[in-house]
Amino acid sequence: SDPSSSRRGAFIVFEGLDRCGKSTQVARLVDRLERESQKARLQKFPDRTTAIGKMIDAYLQSKAEMDDHAIHLLFSANRWECAAAIKRDLDRGITVIADRYAFSGIAFSAAKGLPFDFCLQPDRALPLPDLTLYMSLPQEEATQRSQFGEERYETVTMQQATRKQFRLVAEEVKKIHGGKKWMEVDARGTIEEVEERLKGLIGDLTDGVNGRVGELWV
Ligand code: TMP
Ligand code: MG
């Protein structure tokens with residue numbers, strides 16, 4: 001029998017601060033996989049298309065105010081409403097590539113002063129990414145990029161505080177899930193250079209993985 005037939009799709013997450021080039025790289029990866037006739041799907045978080053996502057969108061555009069805890073829980077709820085579809089697609093052998101995930105949820109809310117433990121809990125048992133690629137860019141370079149400052153969290157103070165929290169998130173992932181699940185990538189340089197770095201780290205993950213999808217923080 002063909003052992004590859006029992007493989008599921010890989011769940012790959014891209015993380016980083018605002019304007020680090022995540023969305024560009026995620027789009028290029030999905031394009032490349034499609035050209036190579038591999039099955040892949042992009043999942044953006046927040047997913048602003050759902051009812052919850054529309055509330056999040058209004059908050060980020062400062063068209064609505066919300067308690068910090070409440071918006072934190074909405075970001076998490078937005079992931080939970082997508083969790084079953086992610087699992088289903090992974091089981092069908094589709095590579096799911098997420099542009100942000102629970103790690104942004106923790107880092108941004110903790111940067112506002114919410115307790116780290118509170119931030120972590122609502123996402124507990126969500127599908128566990130097989131690999132999270134954290135794209136790291138000096139703040140000066142992110143600030144210079146076009147459209148920086150458009151949305152609520154895009155201030156230098158907030159980004160610097162979130163950068164510190166992302167370091168704690170990385171430690172937590174490594175402690176609970178092991179060192180291979182989180183990799184930091186230098187996001188400086190041309191789009192092509194960064195793409196090559198990412199490609200090297202992703203390796204043959206997009207050919208599928210063995211074993212069941214894990215649970216986050218479990
Ligand atoms: P986006 O620019 O990738 O659409 O993300 C919008 C903002 O929301 C960004 O500043 C990061 C932030 N965010 C959270 O605060 N919590 C979350 O759970 C997620 C997914 C994003
Ligand atoms: Mg943004």
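Values in this text are rule-based calculations from the coordinates and carry no lab data. The shown structure was predicted, so the numbers you read here are calculated from the model rather than taken from an experiment. FYI the Cβ positions are ideal-geometry reconstructions off the backbone, even for glycines, and counts take in every protein chain you see.
Below, the figures for the structure above:
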{"quantity": "Length added when fully stretched, Arg145-Asp204, from 0.36 nm per residue minus Cα-Cα", "calculated": "18.1 nm"}
{"quantity": "Within straight-line cross-link reach of Lys87, aspartates and glutamates at Cα separation under 14 Å, skipping those fewer than 8 residues along the same chain", "calculated": "Asp130, Glu215"}
{"quantity": "Residue order, fewest to most beta carbons within 10 Å, for Met66, Met135", "calculated": "Met66, Met135"}
{"quantity": "Residue exposure sequence - Asp18, Asp57, Asp186, Asp67 - by fewest surrounding Cβ within 10 Å", "calculated": "Asp67, Asp186, Asp57, Asp18"}
{"quantity": "Antiparallel DSSP beta bridges within the chain, percent to nearest 5", "calculated": "10"}
{"quantity": "Cα shape, the chain, gyration tensor, a/c 1.5 rule", "calculated": "prolate"}
{"quantity": "Distant-in-sequence amide H partners of Thr95 (H built 1.01 Å from N, under 5 Å)", "calculated": "Ala10, Lys39, Ala40, Arg41"}
{"quantity": "Net dipole in debye of the chain [+1 Lys, Arg Cβ; -1 Asp, Glu Cβ; about Cα centre; nearest 20]", "calculated": "380"}
{"quantity": "Global geometry of the stretch 111-217, whether rounded, prolate or oblate, following the gyration tensor of its Cα atoms and the 1.5 cut on a/c", "calculated": "oblate"}
{"quantity": "Charge dipole magnitude, Cβ of K and R +1, D and E -1 - the stretch 100-177, Cα centre, debye nearest 20", "calculated": "180"}
{"quantity": "Unsatisfied cross-links (Cα-Cα over 26 Å) in the set Lys54/Lys180; Lys54/Lys112; Lys54/Lys181", "calculated": "Lys54/Lys180; Lys54/Lys181"}
{"quantity": "Built amide H within the under 5 Å cut-off of Gly214, gap 5+", "calculated": "Leu128"}
{"quantity": "Spatial separation of Cα centroids for the stretch 170-215 and the stretch 21-92, in angstrom", "calculated": "18"}
{"quantity": "Residue exposure sequence - Ser23, Ser6, Ser109, Ser146 - by fewest surrounding Cβ within 10 Å", "calculated": "Ser146, Ser6, Ser23, Ser109"}
{"quantity": "Low-density loop cleavage sites - GluC sites (Glu not before Pro) in the stretch 142-218, where at most 16 other Cβ are within 10 Å (DSSP)", "calculated": "Glu150, Glu151"}
{"quantity": "Positive-end residue, the chain charge dipole about Cα centroid, Cβ charges, pick of Ala51, Gly149, Gln159", "calculated": "Ala51"}
